[in-house]
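Reading through the C-alpha cells given below for one structure.
The values are calculated or read from the model by the stated rules, or taken from the named source; none is laboratory data. Keep in mind that this is a model prediction, so the values were computed, not measured. FYI the Cβ positions are ideal-geometry reconstructions off the backbone, even for glycines, and counts take in every protein chain you see.
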C-alpha cells in the first residue's frame, strides 16, 4: 500500500447537479483511456480546462455531483485532468463508488463545499477528511473514509486492491 498524502491545490468551484454528461460528454465515450478523456473533461463548463489545471488542483462542487449515467469515464476524466480530489456537498452514489474504485478521493463535506471559494488554496487529508481552506484560514471536517475504502484508495483502486488480496500482499 502507498501512503495517502495530504493533497494541496487551487480550488475549482462548480455548482449543484453536475452530471456525468457535463463531466465528459457522450461524444467522447468511444475511448476509455484516462489521458484522452482528460482532454475533454468539463469542456462544456470550463473551456480549455486541461490547459488551465495544475497537477494537484482540487474540485469543489455542490449537491449531487456526478449524477446521470454510471460511466466510469467521468471520475477517470477528472483524475487524469490533474485534480487530486473532489470536495462536494453530496455525490450520486454510483459516481462516488466509481471514484473510489479508480483510487480517486471524493470527500463529502457540505460546509466546506458551500464556503470554499474558487481560486482558494486548500489542503485535504484523505485519511481523516480534514480540509483546510488556506486562503480563508478555516478548517472543516469532511466525512472520513471507512478503513476498507482507505485500503482501496491506498492500493490505487479496486483492481490493484483485489490483486494484492489474491496474491496475499494485503
### Query
Can residue 58 be described as within 19 Å of residue 8 (Cα to Cα) and out of contact with any helix residue (DSSP H, G or I) (no Cβ under 9 Å at 6 or more places or on another chain)?
yes
### Message
Give me the residue from the range 57-81 that is surrounded by fewer than 22 Cβ atoms within 10 Å (Cβ to Cβ) and at positive phi and, out of that set, modelled with the highest pLDDT.
### Response
64
### Query
In this structure, does residue 150 turn out to be more than 19 Å from residue 11 (Cα to Cα), surrounded by 17 or more Cβ atoms within 10 Å (Cβ to Cβ) and modelled with pLDDT of 95 or more?
yes
### Query
Among the candidates 119, 125, 111, which residue alone is modelled with pLDDT of 95 or more and under 15 Å from residue 86 (Cβ atoms)?
125
### Message
Six or more apart or on different chains, Cβ atoms under 7 Å: show the pairs whose first residue is in the range 140-159 and free of Cβ contacts under 8 Å to residues at least 24 places away in the same chain and whose second is surrounded by fewer than 18 Cβ atoms within 10 Å (Cβ to Cβ).
### Response
144/128
### Query
For the range 121-143, how many residues are in contact with a helix residue (DSSP H, G or I) (Cβ under 9 Å, 6 or more places away or on another chain), more than 21 Å from residue 78 (Cβ to Cβ) and part of a loop (DSSP other than H, G, I, E, B)?
1
### Message
Residue under question is residue 66, and the condition is that it be under 16 Å from residue 90 (Cα atoms) and touching a helix residue (DSSP H, G or I) at 6+ places or on another chain (Cβ under 6 Å); does it hold?
### Response
yes
### Query
Restricting the search to the range 10-32, which residues are within 17 Å of the chain's Cα centre (by Cα) and within 14 Å of residue 80 (Cα to Cα)?
23, 24
### Query
For the range 1-97, which fully contained helices (runs of 4 or more DSSP H) count at least 3 residues that are in contact (Cβ under 8 Å) with a residue 24 or more places away in the chain?
20-23, 34-38, 73-81
### Query
Within the range 105-120, is there a residue that is surrounded by fewer than 24 Cβ atoms within 10 Å (Cβ to Cβ) and part of a strand (DSSP E or B)?
yes
### Task
For residues that are farther than 10 Å from residue 105 by Cα and either touching a strand residue (DSSP E or B) at 6+ places or on another chain (Cβ under 6 Å) or not in a helix (DSSP H, G or I) (or both), tally how many sit in the range 144-155.
2
